[in-house]
Amino acid sequence: MEEFFRPGGRLSESLPEWEDRSGQYEMAVEVAAALEQRRHLVVEAGTGTGKTLAYLVPLILAGKRAVVSTGTKNLQEQLIRKDVPFLEGVLGHELRVAVMKGRRNFLCRQKLVDMQGQPSLHGLTQLSDFGRVSEWAEETATGDRSELPELRGDSKLWPRLDARRETCSGRRCGFFDDCFVTKMHQRAREADLIVVNHHLFFADLALRRDDFGSIIPNYQGVVFDEAHEIESVVGQFFGVRLSNHQVDELARDTQAAAKRGGFGSEQLVRTLNGLRAAAKAFFGLFAGVSSRETFSERVQFRRREAEKYQALLQSIEGLESHLHLIKTSSEDTGPLKSRARTLRLVLRVLLADVDEAVAREAYEHPVLSLLLEDNRGNFVYWLEKRGKGVYLQATPIQVDSILHETLFDGGGSVVLASATLAVDGSFEYVRGRLGLSASNELLTPGHFDYRRQALLYMPRNMPDPRSPDFSRRAGEEILQLLRVSKGRAFVLCTSYQQMRRLHKRVSFAIEHPCLIQGQGPNEVVLDKFRNTKNCVLFATYSFWQGVDVPGEQLSCVIVDKLPFAVPSDPVVMARIDQIRRDGGNPFREYQIPSAALALKQGFGRLIRRKTDRGVLALLDNRIVRKGYGKVFLNSLPDYAATRSLEDVEAFFDGRHYGGSGRPLKRATRQQPRRRREARLR
Ligand code: SF4
């Protein structure tokens, strides 16, 4: 690692802007050691450490097949387009690297041909998109839509052309050998380094439980970048969901396949109409659901609404039987039959209607089997209403045993890396949540001079955030801050209601342009913020992480309250209850640490480069009033801190603000902290 990362090393010779970053070197050494010893590693590397190279170099030098899993597709792109070519230049040879993404990112050749034969395009945009996709299909080697930036993220055409599993006939397809998804799998089998994202990784890991359908080839080491997101992604893929949209899509795809395969009939039309009507009646039973709520009385609900439940179940069974009777190539009906079967099984398991025959079938399903095997109440059943969608879901409450069995006990090294993993200097929380009992650890501060670059402002005289006067005072404080910062701010709120309230109070009283989350797709709103001088953006959790606005354009981040997870949310409530049942203290063991990590994420939006400067403001005075406030303060980087607005003014004016602005912590974490082995108590 010295040969690469130390002054005079290979990186310093190849990168004109190279700087000696001790944290980067430390991290590379630790990743190399973990891979060699086949151990796991948890590493918090502050922003600016250069963690991507710190894991890529040791992974490549280890000479074993490895996987890198990133939090987002954008980060995947950055690795493939920037970091890997750079390392190829440094090493002087090509690397065998493959990128794997979810099937919806790839073009389905079969659908493109079908659409050429029977164009059913709506409007000029779809027509011109179709022309562009057809041209591109002739020349692309990957079929990955990221090569088509001109196709909008919300394109109505792409979902009709993508290679999603539900509509793919697999080996029976005439294009199978030439299919972009088949080729992606081939490249991955031949690669030494495979770059995936967390969604694909955990979707695959769920399938891997049964050794069935997994697509990521076996590997000896895996690095999770943005590892703080793992718990929620695991919850999604090791749980199940049933929605009215899934039923409608099955009906729509069956109708399209019948038209294409020539197996349409009056009886099929009647079956599909019956299915749609039954789904409408059944999901209509949840019209009164406000957003997310627990669905624990499943048996009572099923008995009470037996008629509508049975009608939906029988309609799905009717479609399954109809598809089985069709005498046509199974290439058209195979995926539909399997979707109908899965819907039937998920419906019966979610509604607690499992007899011996259903259990036998459900045990073949990698995730449904987890639900059936669950005898310690580790799943929470809940409902969600979003727009026109109604979702019935089962989510694991704790993912520790799942990850212990499927990931950490799998033989290879696992590296968890992020800028936000440690709470109050310890990894105990994240290791406990994820089921990582033994690992090496490294906590290294970022490469930035936080004391000089950032000032944390906690205003005096704010009322308790639960008091009725809080919004009014928060609005006043925000106005003063925006006056001093000249806009250029994110106001990050912990709820939509609060975001709207504060936006309403503030936007009329300032001259700076104001944006609010929801007035367009998030990327569009963010682009507008980047390109509008002195702009202010009011947002909620979607903007707390993964958002990068370097430079002066973002000079102030204001957070309204400590970001405690909403205790009435069914998944949060289930986690709290479970910790309490196990004799623990949910506030101390779960709510405080998860909020401390969220606050660190939100504040992390401010300082993205060595030249960035700005103010972080927290309007929630519990951070100084309550004993637990120390956990939050000790988890943050070493910002200078103040309670005086004059210091904020002086900071923005470039004047000395030494009066009350003092380091948040004294003489802490200046050196990376390393522990070779840590065991969870
Ligand atoms: S194999 Fe599946 S995804 Fe690929 S072209 Fe054929 S139908 Fe489309």
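The values are calculated or read from the model by the stated rules, or taken from the named source; none is laboratory data. Model, not experiment: these values are computed from the prediction. Note that we place each Cβ from the backbone using ideal geometry, even for glycine, and neighbour counts take in every protein chain shown. Areas reflect the complete protein model, heavy atoms only, side chains present, ligands, DNA and RNA absent. Shrake-Rupley method; radii C 1.70, N 1.55, O 1.52, S 1.80 Å.
List of remarks:
- With R₀ fixed at 41 Å, the C-beta to C-beta distance from Lys82 to Leu127 puts the FRET efficiency at about 0.70.
- Relative contact order (%) - the chain, alpha-carbon pairs under 8 angstrom, separation at least six: 17
- Summarised as an ellipsoid, the stretch 103-180 has semi-axes of 19, 14, 12 Å, derived from the eigenvalues of the Cα gyration tensor scaled by 5 and square-rooted, with the largest first.
- Averaging Cα coordinates gives a centre for the stretch 358-376 and one for the stretch 269-298; these two points are 23 Å apart.
- Accessible area in the full protein assembly, largest first, 1.4 Å probe, for Asp178, Asp129: Asp178, Asp129
- Based on C-alpha pairs under 8 angstrom that are at least 6 apart in sequence, the stretch 450-670 has a relative contact order of 31 percent.
- Across the stretch 450-670, Cα-Cα pairs farther apart than 32 Å form 16% of the total.
- Charging the Cβ of each Asp and Glu at -1 and of each Lys and Arg at +1, and nothing else, the dipole of the chain about its Cα centre rounds to 1680 debye.
- Extending 7 Å from Cα along the Cβ direction at Arg505 and again at Phe175 yields two label points whose distance is 5.5 nm.
- Distance between the stretch 477-536 and the stretch 1-67 - C-alpha centres, whole angstrom: 38
- Derived scalar couplings between HN and Hα for the stretch 341-356 equal 5, 4, 4, 4, 5, 4, 4, 5, 5, 5, 9, 6, 10, 10, 9, 4 Hz in order, rounded to whole Hz, by the Karplus curve 6.51 cos²θ - 1.76 cosθ + 1.60 (θ = phi - 60°), x for Gly and Pro.
- Annotation: lysines with alpha-carbon distance below 22 angstrom to Lys156 (same-chain offsets under eight excluded): Lys73, Lys101, Lys111, Lys259, Lys388.
- Taking the stretch 506-616 and dividing mean pair separation by its residue count, relative contact order in percent (alpha carbons under 8 Å, at least six apart): 31
- Under 5 Å, built H, 5+ apart or other chain: amide partners of Leu41: Val414, Val415, Leu416, Asn440
- When Rg and the Kirkwood radius Rh are both evaluated on Cα atoms of the stretch 1-147, their ratio Rg/Rh stands at 1.13.
- Residues whose amide H falls under 5 Å from that of Cys514, counting only those 5 or more places apart or on a different chain, are Val536, with hydrogens built in the peptide plane.
- Nearby lysines by direct alpha-carbon distance to Lys630 (threshold 17 angstrom, same-chain neighbours under 8 apart not counted): Lys561, Lys600, Lys665
- Inter-part distance where the stretch 211-266 and the stretch 394-451 are each reduced to a Cα centre, Å: 27
- Kirkwood hydrodynamic radius of the stretch 304-391, Cα pairs, Å: 14.7
- Here the Karplus curve 6.51 cos²θ - 1.76 cosθ + 1.60, taken at θ = phi - 60°, turns the phi angles of the stretch 577-590 into couplings of 4, 5, 5, 5, 4, 7, x, x, 10, x, 5, 6, 8, 10 Hz, with x standing for Gly and Pro.
- Approximate spin-label separation Ser232-Leu372, in nm, with each point projected 7 Å along Cα-to-Cβ: 3.2
- The phi torsions of the stretch 243-258, fed into the Karplus equation with coefficients 6.51, -1.76 and 1.60 and a -60° offset, translate into couplings of 9, 4, 5, 4, 5, 4, 5, 5, 4, 5, 5, 5, 4, 5, 5, 5 Hz, rounded to whole numbers, with Gly and Pro shown as x.
- All C-alpha pair distances within the chain, sorted into 10 Å bins from zero, spread as 3, 13, 22, 25, 21, 12, 4, 0, 0 percent across the bins.
- Accessible carbon and sulfur surface of the chain relative to its total accessible area, %, 1.4 Å: 48
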